Every structure is written in structure tokens, then in C-alpha cells.
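This report concerns only the one structure given below.
Bear in mind these aren't lab numbers, they're just calculated from the coordinates by the rules spelled out. Given the structure is predicted, the values throughout are model-derived calculations rather than measurements. Positions of Cβ are generated from backbone atoms using ideal geometry, with glycine treated the same way; all protein chains shown enter the neighbour counts.
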Amino acid sequence: MMSGSLDYRIRPFRDEDGEQVKALYHDEVGYSPMSMHRFIMRSSLTRPNSIMCYIVFGVGIALAFVFGNPRSIRAAAAFAMSIASVLFFVVHRWQLSVVTRSFAKSIATDPDFRGLSEWYGISRHSDGATYCSGKSGFWVAELLDRELGTGVIVGCVGLDANSKQGTHHHHRTAQLRRMAVSWKMRRQGVGRSLIESLLEHAKEVKLEVIELQTNGHCCSAVGIYETLGWVAYETQGASGKPWVDLWSIRYRLEL
């Protein structure tokens with residue numbers, strides 16, 4: 001497959017890809033220039049919680065000037081209202097950052113990342129080539145450009161038939177998980193190619209439903225899934241922190 005001047009291929013995961021896949025997922029969730037963390041932090045600036053802070057801050061400053069005497073109780077209360085809005089804004093953004101980056105740090109403890117081949121059913125032929133031996137599977141996008149080096153992993157996605165997530169789980173249902181594409185390869189068809197390989201395998205093993213969960217702030221990911229036929233069926237807020245403007249969307253695709 002060609003992406004601009006770069007050539008890449010989609011293939012099943014190999015054990016030797018493990019460290020690259022972990023690093024890719026870690027960076028694209030929490031630390032790259034176009035990571036999920038950055039999308040969320042930027043998107044949150046125009047969300048209701050932030051807009052309310054802007055309004056309260058502005059009203060507080062305006063009232064303080066209207067009341068005139070800065071030593072009056074009413075002016076002090078107005079200033080306090082503005083300061084409180086700033087504090088809430090700062091704490092809210094700090095909580096957003098902590099929660100989203102915790103996803104990236106969870107790689108070390110998540111069961112599937114401790115053994116990707118075993119978890120996703122990757123087997124190896126006698127000639128060394130790998131294949132998905134069951135309903136699950138894991139694929140990578142491998143860059144084949146000579147200048148940047150063959151063997152560089154620039155994308156990954158997993159199909160998890162073992163997961164019990166979602167509300168429609170049964171033996172013909174699987175979860176799309178661990179979707180990540182290097183920020184340097186965005187908008188070049190890599191993500192779509194990975195998903196198409198996943199769907200091709202899902203049809204071959206006669207799965208009926210593919211579910212996934214993605215962050216509501218990530219409009220580009222949401223757009224790809226909806227274009228390919230996924231339908232949203234549930235929205236969830238940040239667990240245990242309803243005041244944090246962070247939510248996820250569950251999608252369902254019937255094959």
C-alpha cells in the first residue's frame with residue numbers, strides 16, 4: 001500500500017513487534033504531538049465546563065468594577081467568584097490530563113499487553129510467517145520506506161473475542177481495541193487499512209458484531225468509525241468523576 005511517498009503493509013503481529021507496538025500506543029495515547037491527550041486538552045477549551053468558567057470569571061470582574069470600591073463586601077465577593085472560576089478551570093484541566101495519561105501508563109498492567117500473541121491468538125507457520133489462528137487477531141502497519149527503515153511499526157489494531165466489555169457480548173461478538181496510528185502517518189489511510197483487515201478477518205471467522213469504545217473528544221476517530229458503519233449506542237462519563245468533562249462512546253457494527 002502507498003501513502004504519499006511512503007510504502008507500508010498491513011500484516012499480523014509478530015513477537016518482535018512487541019516493544020514498538022507498546023511504544024506507539026503509549027505515545028499516541030498520551031505523549032505525541034497529536035496524541036489523544038492533546039486532542040482532549042484542546043477540545044476541552046470549548047466544552048461547557050470551560051465556557052462556564054469564562055462566563056463566571058468575566059461576570060465576576062465586571063461586577064467588581066461596577067461595585068467600585070474594592071474594599072466593599074460585594075466587590076470582594078465578585079473577585080472571589082472570578083478567582084474560584086480560575087481555580088476550577090485549572091483543577092479541571094489537571095484532572096483531564098491525569099485521567100487521559102493514565103490510559104497510556106496502563107500498558108504495563110493491562111493483561112493483553114503482557115502477552116499480545118497469546119491474548120489475540122497469533123500463531124506462526126513453519127516458515128516464520130504469523131497468522132491469526134482464532135476469532136481474535138492483532139495487526140500492525142509496517143513502514144517499508146528505505147530512508148526511514150523497513151520494519152518501523154506505524155499503526156496497530158486488535159480484535160478481541162475474549163473481552164467481556166460492552167452490553168451485547170456473546171460468542172459471535174468481539175471488541176475492536178488498541179487502535180493507534182503514528183501522528184506522522186495520520187490522514188493517509190493507515191487507520192482505515194488496519195480496520196479493513198480486521199473486518200475481513202471478522203467475516204472469515206463468522207463474527208456477527210464488532211463493538212468498540214472511543215473517547216468522545218477524538219472527532220477524527222469517531223468520523224472513521226461512523227463512516228465504516230459503526231453506530232453509537234451508549235455514552236459514558238468519567239468513572240467516579242462526573243464533574244470532569246470526559247466521556248467515551250460505545251459503538252456497534254453488525255456484519
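Data overview
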quantity	calculated
For the chain, calculated [θ]222 nm from helices alone, where every DSSP H run of n ≥ 4 adds -39500 (n - 2.57)	-13000 deg cm²/dmol
Distance in nm between pseudo-label sites at residue 102 and residue 72 (7 Å out along the Cβ direction from Cα)	4.5 nm
Residue of 213, 175, 95 that the Gaussian network model of the chain assigns the largest fluctuation, springs spanning Cα pairs under 10 Å	95
Candidates per trypsin sites (Lys or Arg not before Pro) in segment 1-73, loop by DSSP, up to 13 other Cβ within 10 Å	71
Cα-centre dipole for the chain with unit charges at Cβ (Lys and Arg positive, Asp and Glu negative), debye to 20	1000 debye
Tensor-based shape of segment 186-255 (alpha-carbon gyration tensor, a/c under 1.5 rounded, otherwise prolate or oblate)	oblate
Estimated distance in nm for a label pair at residue 228 and residue 184, the labels positioned 7 Å out from Cα along Cα-to-Cβ	2.4 nm
Phi-based couplings in Hz for segment 188-205 (Karplus 6.51, -1.76, 1.60; Gly and Pro marked x)	10, x, 5, x, 4, 5, 4, 5, 5, 5, 4, 5, 4, 5, 4, 5, 5, 8
Cβ-derived FRET efficiency at R0 30 Å, residue 46 paired with residue 80, nearest 0.05	0.70
Label point distance in nm, residue 118-residue 38, each placed 7 Å from Cα along Cα→Cβ	3.6 nm
Top of 11, 74, 178 by mean-square fluctuation, Gaussian network on the chain, Cα under 10 Å	74
Least to most buried among 67, 138 (fewest other Cβ within 10 Å first)	67, 138
Other-chain or far-sequence residues with amide H under 5 Å of residue 138's (modelled H)	13, 159
Lysine pairs in the chain with Cα atoms under 16 Å, if 8 or more residues apart or on separate chains	4
Estimated FRET transfer efficiency when R0 is 51 angstrom, pair residue 255-residue 87 (beta carbons, to 0.05)	0.55
Order of 224, 210 - criterion: other Cβ atoms within 10 Å of each residue's Cβ, fewest first	224, 210
Percentage relative contact order, the chain, counting C-alpha pairs under 8 Å, at least six apart	20 percent
